[in-house]
1. Relative contact order, percent, of the chain when contacts are C-alpha pairs under 8 Å separated by at least 6 residues?
2. Once you place label points 7 Å from the Cα toward the Cβ at Arg121 and Asn26, how far apart are they in nm?
3. If amide H atoms are built 1.01 Å from N in the plane of the peptide, which residues on other chains or at least 5 residues away come under 5 Å of the amide H of Leu201?
4. With Kirkwood radius over Cα pairs in Å in mind, check (i) 20.0; (ii) 21.6; (iii) 19.3 and report the label derived from this structure.
5. Just to be sure I understand the model, the point goes 7 Å from the Cα along the line to the Cβ. What's the resulting Glu19 to Arg230 distance in nm?
6. Highest mean first, how do 9-18, 41-50 rank when packing is the count of other Cβ atoms within 10 Å averaged over residues?
7. What order do you get for 163-169, 282-288 when each peptide is scored by the mean count of other beta carbon atoms within 10 Å, highest first?
8. For the chain, set up a GNM with springs between Cα atoms under 10 Å and report which of Gly177, Gly53, Gly118 has the largest fluctuation.
Amino acid sequence: MGTTWSLRFDNPHMLALDEVRASVQNALDRVVAQMSTWEPESDISRFNRSEAGSHHLLEPELAEVLACGFRWAEASGGAIDPSIGPLVTLWGFGAHADASRTAPPSPEALAKARECVGWRRLAFDDITRRILQPGGAMLDLSGIAKGFAVDHVTLALRARGLSDFLVEVGGELRASGRRPQGGPWQVAVEALPGAEQQVALDGLAIATSGDRWHVREHQGRRWSHTLDPRTGEPVAHTLASVSVLHPECMHADALATVLTVLGPDDGMDFAERHGVAALFVCREPRGPRTFTSAGWPSHANMR
């Protein structure tokens, strides 16, 4: 899926490292086989090129991720949309982007791509796990699948009898249990340039969405990979990043995307209404500014 993973864990039963690594890789391979647009024979890739009007029975994991995406799409008025694939490609990101093209898309191309985007077109039923390909729909779960992969690895490690670990996939993390020294797992979140917040992940996951990575620039215009499905355009507000804490990394990942798309004001309103623990970092004329929702831990230490 174009990223890496890492694991730190306490190993009181002295499990062989190769066995633990195999458990992690097997869990990730299952996610990749279902959700990676980089793999031409993954479930999601085969759906994306399937015929209009066809119905598909999804594997339980893929259905779970889509159900999460649809839930937050509905709650946010479409600030996240699992069918955003045509726009991701059009703006030069993802597995199928044309690397030779650097200019923004034309209005005509953008309008055509937007016709294929819309989660309600997919007639997804999370009970039967069936989904419709209405024609031209392209699923892209980049804003949620990494978080699910973290959760899936967590289950695999617990099945091996491990209870104290910190697992990371592409920068999204989830902690279980305690560090070998007895304290909670700690992660550093960049709040301001040169300054970090130290956050304890006591049974929590954290995901960050921002514009430091995966950017394009053309004739003075700079845009990031975070796209607003409602407009078809890259986000263009002052938010530089949003970090979200949640018991499940899948939801943290999705919510970080939602808040980034909504922007500083609507994002904060959404976070407060839905009890989301979030750290916002904005670029402003007088310098970066951070602010947090009520759910963000007050004991997070700046360093």
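FYI, it's all coordinate maths here, none of it is from the lab. None of these values were measured; they are calculated from a predicted model. Cβ placement follows ideal geometry from the backbone for every residue including glycine, while neighbour counts extend to all protein chains displayed.
1. 18
2. Computed distance between label sites Arg121 and Asn26 equals 3.9 nm.
3. Correct list: Trp185, Gln186, Val187.
4. Looking at Kirkwood radius over Cα pairs in Å for this model, the match is (i).
5. For Glu19 paired with Arg230, the spin-label model returns 5.1 nm.
6. Details: 9-18: 11.8, 41-50: 16.2.
Those peptides, ordered most packed to least, come out 41-50, 9-18.
7. On the way: 163-169: 21.4, 282-288: 10.7.
In descending order of packing, they fall as 163-169, 282-288.
8. Greatest mean-square fluctuation among the candidates belongs to Gly53.
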